[in-house]
Amino acid sequence: MNKIEHIGIAVKNLEVSNKLFAKLLGESHYKTESVESEGVKTSFFKVGSQKIELLEASNPESPIAKFIKKKGEGIHHIAFDVDDIEAEVKRLIQEGFIVLNETPKKGADNKRVVFLHPKNTNGVLIELCQEII
Ligand code: ZN
């Protein structure tokens with residue numbers, strides 16, 4: 001794994017949180033993107049070479065809606081940048097991690113993504129992401 005690519009934060013209202021994080025970071029988000037298959041609206045902020053991804057549910061069945069209902073707003077996942085997502089998936093399965101989607105899916109921000117079940121990662125949802133070139 002190369003680095004932490006971004007930290008995902010579940011929020012109730014993207015517009016309100018965009019303003020809050022712009023104030024916090026001293027810079028506005030540089031893009032918003034909807035991922036309909038995941039039921040999320042996202043916005044991205046740069047912090048050095050890392051990013052903050054804000055996630056708002058776009059429907060009541062969205063995993064973000066369920067997360068907020070259960071835990072409230074807050075850190076939802078940590079995403080690691082990888083060079084070869086298929087190789088990492090293979091390696092992590094061998095190490096005993098539970099991969100939620102073995103076939104990488106299209107995520108926000110031009111990435112292919114895979115998620116690991118939080119039950120084997122101390123309760124933290126882990127995302128692997130590889131830039132689509
Ligand atoms: Zn993410």
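The values are calculated or read from the model by the stated rules, or taken from the named source; none is laboratory data. These figures come from a predicted structure and were not determined experimentally. A quick note on method: Cβ atoms are made from the backbone with ideal geometry, for glycine too, and the neighbour counts reach across all protein chains shown. Protein only, heavy atoms only, side chains kept; ligands, DNA and RNA dropped before computing areas. Shrake-Rupley method; radii C 1.70, N 1.55, O 1.52, S 1.80 Å.
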Checklist entry - If you check every pair at least six apart or on different chains, which have Cβ atoms under 9 Å apart with a residue in region 93-108 that is over 17 Å from Gly123 (Cα atoms) and within 16 Å of the ligand (Cβ to nearest atom) first and a residue that is open to solvent by 70 Å² or more (accessible area, probe 1.4 Å) and among the acidic types (Asp, Glu) second? => result Pro104/Glu86
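For region 1-24, give me each residue that is open to solvent by 60 Å² or more (accessible area, probe 1.4 Å) and within 16 Å of the ligand (Cβ to nearest atom).
Met1, Asn2, Lys3, Ile4 - these are the residues of region 1-24 that are open to solvent by 60 Å² or more (accessible area, probe 1.4 Å) and within 16 Å of the ligand (Cβ to nearest atom).
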Next on the checklist: Please determine whether any residue of region 34-51 is polar (S, T, N, Q), more than 15 Å from the chain's Cα centre (by Cα) and away from the ligand (no atom under 16 Å from the Cβ).
Outcome noted: no
Checklist entry - Of the conditions (1) open to solvent by 50 Å² or more (accessible area, probe 1.4 Å); (2) among the hydroxyl-bearing types (Ser, Thr, Tyr); (3) under 13 Å from Ile7 (Cβ atoms), Ser37 fails just one. Which one is it? => result (3)
Next on the checklist: Just checking, does region 44-58 include any residue being polar (S, T, N, Q), surrounded by 13 or more Cβ atoms within 10 Å (Cβ to Cβ) and assigned to a strand (DSSP E or B)?
Outcome noted: yes
Checklist entry - Among the residues of region 60-86, how many are without any contact (Cβ under 8 Å) to a residue 24 or more places away in the chain and closer than 23 Å to Glu131 by Cβ? => result 1
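Step by step: first the residues of region 82-114, then only those that are part of a strand (DSSP E or B) and open to solvent by 30 Å² or more (accessible area, probe 1.4 Å), then the one that is modelled with the lowest pLDDT. Which residue is that?
The qualifying residue modelled with the lowest pLDDT is Lys106.
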Checklist entry - Conditions: (1) farther than 19 Å from Met1 by Cα; (2) within 12 Å of the ligand (Cβ to nearest atom); (3) among the basic types (Lys, Arg). Lys111 meets all but one. Number of the miss? => result (1)
Item to check | So Val11, is it modelled with pLDDT of 95 or more, touching an Asp or Glu at 6+ places or on another chain (Cβ under 6 Å) and more than 15 Å from Leu125 (Cα to Cα) | outcome: yes
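Determine, yes or no, whether Glu27 is farther than 17 Å from Ile75 by Cα, within 13 Å of the ligand (Cβ to nearest atom) and open to solvent by 30 Å² or more (accessible area, probe 1.4 Å).
On the way: farther than 17 Å from Ile75 by Cα: yes; within 13 Å of the ligand (Cβ to nearest atom): no; open to solvent by 30 Å² or more (accessible area, probe 1.4 Å): yes.
No, not satisfied.
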